[in-house]
1. What 222 nm value per residue comes from the helices of the chain, counting each DSSP H run with n ≥ 4 as -39,500 (n - 2.57) and dividing by all residues, nearest 500 deg cm²/dmol?
2. Could you give me D for the chain, from Stokes-Einstein at 10 °C and 1.306 mPa s, where the hydrodynamic radius is the Kirkwood radius over C-alpha pairs? Units µm² s⁻¹, please.
3. Which GluC sites (Glu not before Pro) does the range 50-127 hold that lie in a coil by DSSP with at most 11 other beta carbons within 10 Å?
4. Divide the volume of the convex hull of the Cα atoms of the range 59-127 by its number of residues and quote the answer in cubic angstrom per residue.
5. Counting Lys +1, Arg +1, Asp -1, Glu -1, what net charge surrounds ARG20 among other residues with beta carbon under 13 Å of its beta carbon?
6. What is the chain's relative contact order, in percent, from Cα pairs under 8 angstrom and six or more apart in sequence?
7. Show me the trypsin sites (Lys or Arg not before Pro) within the range 27-77 that DSSP assigns to loop and that have at most 15 other Cβ atoms within 10 Å of their Cβ.
8. If the cut-off is 19 Å between C-alpha atoms, which aspartates and glutamates fall inside it for LYS107, apart from same-chain ones fewer than 8 positions away?
Amino acid sequence: MNGSEASLFRLNASRLMAERQQTEKTLREHQRLLRGSLLERPKFCGKPGCKCTKGQAHPPGLYLSRLVKGTVRQVFIRAADHGRARKEAISYKEYRQALRRWRAIEKELNKIWEALEAAQEEEYPFG
Ligand SMILES: [Zn+2]
């Protein structure tokens with residue numbers, strides 16, 4: 001058994017477990033998720049005589065862009081839904097980021113537990 005190596009593994013494990021708990025908090029707290037990216041596009045109605053026909057666009061329209069069965073789809077977001085859509089799109093990104101980190105931590109911890117086992121294994125008869 002290698003004592004100093006083992007305590008380093010245990011230290012790293014506690015650090016990762018604390019970080020994992022933070023990511024789990026994020027995963028628990030984000031409840032409404034809107035998958036996709038929001039993008040703003042300038043609007044040109046094209047009505048004769050409108051300022052947009054002279055190059056002055058209307059306030060931009062908001063769209064949700066996402067992959068559906070391998071193709072990019074853009075859905076118009078109603079003005080009344082802008083606030084909620086922006087909030088939930090951010091939640092979605094934070095959720096995905098936390099999930100990626102959580103999975104990476106799980107992998108790291110798995111390696112540490114294996115290494116800790118090897119470092120703590122005793123010979124028999126005991127020395
Ligand atoms: Zn116009």
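1. Values: 2 runs with 66 residues, N = 127.
Per the formula, -19000 deg cm²/dmol.
2. Working: Rh = 19.1 Å.
Taking Rh from Cα pairs, D becomes 83 µm²/s.
3. On the way: sites: GLU88, GLU94, GLU106, GLU108, GLU114, GLU117, GLU121, GLU122, GLU123; in loops: GLU121, GLU122, GLU123.
Taking the range 50-127 and a limit of 11 other Cβ atoms within 10 Å, the loop GluC sites (Glu not before Pro) found are GLU121, GLU122, GLU123.
4. On the way: hull volume 8.5 nm³, N = 69.
Taking the convex hull of the Cα positions in the range 59-127, it is 124 Å³ per residue.
5. Numbers: positive: ARG15, LYS25, ARG28, ARG100, ARG101, ARG103, LYS107; negative: GLU19, GLU24, GLU106, GLU108.
Local net charge: +3.
6. Working: 130 pairs, mean separation 46.2, N = 127.
Relative contact order of the chain: 36 percent.
7. Working: sites: ARG28, ARG32, ARG35, LYS43, LYS51, LYS54, ARG66, LYS69, ARG73; in loops: ARG32, ARG35, LYS69.
Hits after loop and neighbour filter: ARG32, ARG35, LYS69.
8. LYS107 reaches GLU19, GLU24, GLU117.
The numbers here are math on the coordinates, done by the rules we state, and not lab data. Model, not experiment: these values are computed from the prediction. FYI the Cβ positions are ideal-geometry reconstructions off the backbone, even for glycines, and counts take in every protein chain you see.
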